[in-house]
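The values are calculated or read from the model by the stated rules, or taken from the named source; none is laboratory data. These numbers were taken from a predicted model, which means no experiment stands behind them. Note that we place each Cβ from the backbone using ideal geometry, even for glycine, and neighbour counts take in every protein chain shown.
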Amino acid sequence: MTSATSAPHLYALPEHRRLDLLARFPQLDEEQISAWLGLTLAFRGPVCARLEKRRGHLPATAVLGSDERWHLRLGTAMVCSNAARILIDLDAPAPVPGTVVAHSFRVRFRSGEQSSPPAGAVRPDWDVVLTGQEREPDLVPRAERCPINLDQGDWAPCRVVSRSDWKGHKRNRYIAAAGTMCHACGDSLGQDLHYDRNTHLITGLLCNECSSHINECPHPSGCYQADYLNDPPAAHLRERYYVGGNRDDRKRMTRRAA
């Protein structure tokens with residue numbers, strides 16, 4: 001029988017985190033999960049590292065373009081000015097109405113050379129002239145946003161949701177309860193609902209980075225990711241993640257479990 005002695009890293013975690021991990025990895029036993037936690041602990045050290053480049057606190061504005069799409073200005077830089085998010089010049093002067101922003105799914109390097117377009121990219125290069133019309137980014141529906149870097153975490157989730165968008169309504173509730181920034185790191189905009197796999201209760205709203213890696217946190221406490229997992233700031237809402245109607249998510253869960 002497995003015990004705290006044979007699975008020390010797993011049993012060092014609070015009970016709800018232990019049950020969540022067992023639900024996430026049904027193919028593994030407690031000793032195997034504990035061994036994985038031990039390896040992760042040795043790799044990560046005493047705390048989980050934060051990304052050096054966060055942009056969640058920069059002021060963001062949606063600017064209407066001549067293509068009738070809204071384009072995101074982050075600080076003074078246009079997010080759609082380069083298909084490679086890390087190559088965007090955040091120190092560039094703020095654009096004025098009439099500024100032309102070159103668009104392409106190909107990466108534009110400072111030398112002017114471009115990489116090959118990704119497979120499936122059907123839109124050609126196009127230029128967009130910025131107008132003087134501005135809007136709060138979280139009021140712009142996804143379909144009206146510029147597609148360049150759309151899913152990189154700089155756009156705030158649209159808070160205007162349809163009646164059938166249950167996930168959008170729940171996301172708005174968690175934003176109202178604990179803010180728009182990631183409920184774990186607080187450095188980037190929250191994008192994804194995180195939930196406990198054992199109870200199916202939503203714990204909070206996470207940025208892209210935290211959503212991808214937070215369940216791998218091996219620390220019992222003393223780490224910003226562990227602090228969130230131990231005591232999420234909006235967990236008191238006790239909203240269930242699955243409410244029916246979202247069959248795609250349930251199919252993905254089934255495939256992952258298999």
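In table form, for the structure just shown:
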quantity	calculated
Cys158, sole failed condition from (1) in the same structural domain as Ser188 (by TED's automatic domain parsing); (2) in contact with a helix residue (DSSP H, G or I) (Cβ under 8 Å, 6 or more places away or on another chain); (3) at pLDDT below 95	(3)
So Arg44, is it in contact with a Cys (Cβ under 9 Å, 6 or more places away or on another chain) and farther than 20 Å from Arg135 by Cβ	yes
Residues within the stretch 140-168 that are surrounded by 11 or more Cβ atoms within 10 Å (Cβ to Cβ), of a type in the set (Lys, Arg) and assigned to a loop (DSSP other than H, G, I, E, B), tallied	1
When residues of the stretch 23-33 are limited to those that are in contact with a helix residue (DSSP H, G or I) (Cβ under 7 Å, 6 or more places away or on another chain) and in a helix (DSSP H, G or I), the one surrounded by the fewest Cβ atoms within 10 Å (Cβ to Cβ)	Arg24
Lone qualifier among Pro137, Pro232 - being touching a residue at least 40 places away in the same chain (Cβ under 8 Å), assigned by TED's automatic domain parsing to the domain that holds Gln32 and surrounded by 15 or more Cβ atoms within 10 Å (Cβ to Cβ)	Pro232
Verdict on Glu68 being acidic (Asp, Glu) and closer than 18 Å to His213 by Cβ	no
The stretch 207-217, residues that are assigned to a loop (DSSP other than H, G, I, E, B) and over 9 Å from Val47 (Cα atoms)	Cys207
Condition check for Asp20: surrounded by 19 or more Cβ atoms within 10 Å (Cβ to Cβ), of a type in the set (D, E, K, R) and either modelled with pLDDT under 85 or not in a strand (DSSP E or B) (or both)	yes
Condition broken by Pro93, with the remaining ones in (1) assigned by TED's automatic domain parsing to the domain that holds Ile202; (2) more than 24 Å from the chain's Cα centre (by Cα); (3) at pLDDT below 95 satisfied	(1)
Complete set of residues in the stretch 62-97 that are closer than 22 Å to Pro141 by Cβ and assigned to a strand (DSSP E or B)	Ala62, Val63, Leu64, Gly65, Trp70, His71, Leu72, Arg73, Leu74, Met78
Given (1) modelled with pLDDT of 95 or more; (2) in a loop (DSSP other than H, G, I, E, B), index of the condition Ala177 fails	(2)
Candidates Asp187, Asp192, Asp196, filtered to the one that is surrounded by fewer than 22 Cβ atoms within 10 Å (Cβ to Cβ) and either of a type in the set (Ser, Thr, Tyr) or free of Cβ contacts under 8 Å to residues at least 24 places away in the same chain (or both)	Asp192
Unmet requirement for Val107, which otherwise passes all of (1) more than 29 Å from Val160 (Cα to Cα); (2) of a type in the set (Val, Ile, Thr); (3) at pLDDT 95 or above	(3)
Qualifying position, being assigned by TED's automatic domain parsing to the domain that holds Ser212 and touching a helix residue (DSSP H, G or I) at 6+ places or on another chain (Cβ under 8 Å), among Leu39, Leu72, Leu19, Leu10	Leu10
